[in-house]
Amino acid sequence: MRPTEVLEIMADALEGLRRSEVAEPGPALNAETVLFGARAVLDSIGFVTFIAEAEDRLSEGRDTPIELVLTEIWEFSAEEPSLTAGVLANYCAKRLGKDA
Amino acid sequence: MSDGRVVLVTGSSRGIGLGIAQHFLQRGATVCGCSRSEAVETTPGYHHSRVDVSNEQQTRAWVSLAAKRFGRIDVAICNAGIVKPGLMLAVTPSEILDELVATHVRGTFFVCREVSKVMLRQRAGRIVTLSSPAVTWHLHGAGAYAASKAAVEEMTRVLARELAPAGVTCNIVRPGLVLTDSARAMGKEWEDWLLKHQTIPRTVTVQEICNVIEFFASPESSAITGQALNMCLVG
């Protein structure tokens with residue numbers, strides 16, 4: 001799966017959270033959208049819910065569910081505690097490739 | 001007749017866990033139980049999995065399967081626990097500490113983490129963890145055991161704060177002395193010592209524990225979260 005495809009899945013997941021009022025309304029998700037950290041579009045509960053939703057959607061059709069391990073995302077460090085959708089999509093694409 | 005609830009119980013093949021599973025089955029709930037051993041309960045509506053809750057992958061797969069199969073998880077009861085002979089801390093082997101931490105701390109952590117993801121999305125749920133009055137007694141010989149249970153309690157309280165905005169409550173039951181096989185194996189002297197320290201000096205029945213859990217699992221307790229309820233003891 002390519003990062004752009006992961007981004008589409010993540011965009012759908014975010015819209016789903018907005019429809020169920022877990023996330024505030026806002027612009028459509030793109031690679032620059034901050035998911036966690038300063039200027040994030042999600043609060044802490046929204047972020048966890050988004051990660052769980054993304055795991056489920058990315059696991060569809062796979063024998064082994066994918067687990068998003070935040071500590072594995074090298075760009076997501078304690079020194080720079082913000083996570084963009086693009087960084088997460090790149091990580092997911094690599095992870096899905098590795099686990100395939 | 002199903003009451004519609006989907007209930008997860010860890011350590012459900014014997015003792016308190018088996019009693020909890022049977023309690024919810026009698027009320028018509030769908031119960032997903034797990035333990036390291038085979039199922040004992042065979043009532044329709046009971047679904048058993050062999051899971052070591054200290055194993056991250058096994059626990060994750062178990063919770064995920066239950067959520068997918070039944071579409072939701074209404075109640076999760078973290079009961080799986082072990083009792084070890086009480087030794088003074090100075091001579092407690094590291095293997096005993098590791099086992100207690102694995103079952104109580106890692107087990108509760110993994111179950112709560114995975115169940116939280118499900119309950120956050122359904123915007124409802126009840127989590128109940130089983131602890132022990134030993135966390136308040138500073139009991140001789142319970143250094144490792146009480147520390148592992150204290151960790152469970154703190155984890156439950158933090159989770160209660162984190163999940164409260166999503167309508168999920170998390171509470172703790174401290175049952176006092178229950179005469180399970182594990183407790184009997186600890187011997188009469190230990191039993192007498194515990195009873196002497198309880199305010200109500202008698203054993204607690206599994207049904208009494210179930211009654212408390214039932215309250216925490218019910219809509220009537222929706223305003224109560226992060227609490228530890230002592231049985232047979234003034235806290």
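Overview of values
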item: Under the Karplus curve 6.51 cos²θ - 1.76 cosθ + 1.60, θ = phi - 60°, whole-Hz ³J(HN,Hα) for the stretch A:63-69, x wherever Gly or Pro sits; result: 5, 10, x, 7, 10, 8, 9
item: Cα centroid separation, the stretch B:176-235 to the stretch B:92-131 (Å); result: 19 Å
item: Long-range HN-HN contacts of B:Ser49 with modeled amide H, under 5 Å; result: B:Gly33, B:Cys34, B:Ser35
item: Per-q log10 I(q)/I(0), the stretch B:1-82, q = 0.13 Å⁻¹ (Debye; single scatterer per alpha-carbon; no solvent); result: -0.33
item: Geometric extent, Cα atoms of the stretch B:1-141 - Rg, Dmax (angstrom); result: 15.8, 53
item: Helix B:107-122 axis, angle to chain B major axis (alpha carbon atoms, nearest 10°); result: 30 degrees
item: In order through the stretch B:40-50: 3J(HN,Hα) via Karplus (6.51 cos²θ - 1.76 cosθ + 1.60), integer Hz, x for Gly, Pro; result: 9, 6, 10, 4, x, x, 9, 10, 9, 10, 7
item: Per-residue mean of C-beta atoms belonging to partner chains within 10 Å, peptide A:64-70; result: 2
item: Globularity ratio of the stretch A:3-99, using Cα Rg and 2.2 N^0.38 Å; result: 1.00
item: Descending Cα extents along the principal axes, chain B, whole Å; result: 47, 35, 34
item: The stretch B:174-182 - phi-based ³J(HN,Hα) in whole Hz, Karplus 6.51/-1.76/1.60, Gly and Pro as x; result: 10, x, x, 6, 10, 7, 8, 4, 4
item: P(r) tail fraction, the protein assembly as shown - alpha-carbon pairs more than 25 Å apart, %; result: 55 percent
item: Of the trypsin sites (Lys or Arg not before Pro) in the stretch B:141-210, those whose Cβ has at most 16 other Cβ within 10 Å and which sit in DSSP loop; result: B:Arg202
item: DSSP beta bridges in the protein assembly as shown [antiparallel fraction, %, rounded to 5]; result: 5 percent
item: Anchor B:Lys149: lysines whose Cα lies under 24 Å away (excluding residues fewer than 8 positions away in-chain); result: B:Lys84, B:Lys117, B:Lys188, B:Lys196
item: Convex hull volume per residue for the stretch B:44-124, taking Cα atoms only, in Å³; result: 111 Å³
item: MRE, 222 nm, helices only [DSSP H, n ≥ 4, -39500 (n - 2.57), over the protein assembly as shown, to nearest 500]; result: -14000 deg cm²/dmol
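Read-outs: derived from the displayed coordinates by stated rules, not from any lab. Remember, predicted model here, so these are calculated numbers, not experimental data. With ideal geometry, Cβ positions are generated from the backbone for all residues, glycine too; neighbour counts draw on all protein chains shown.
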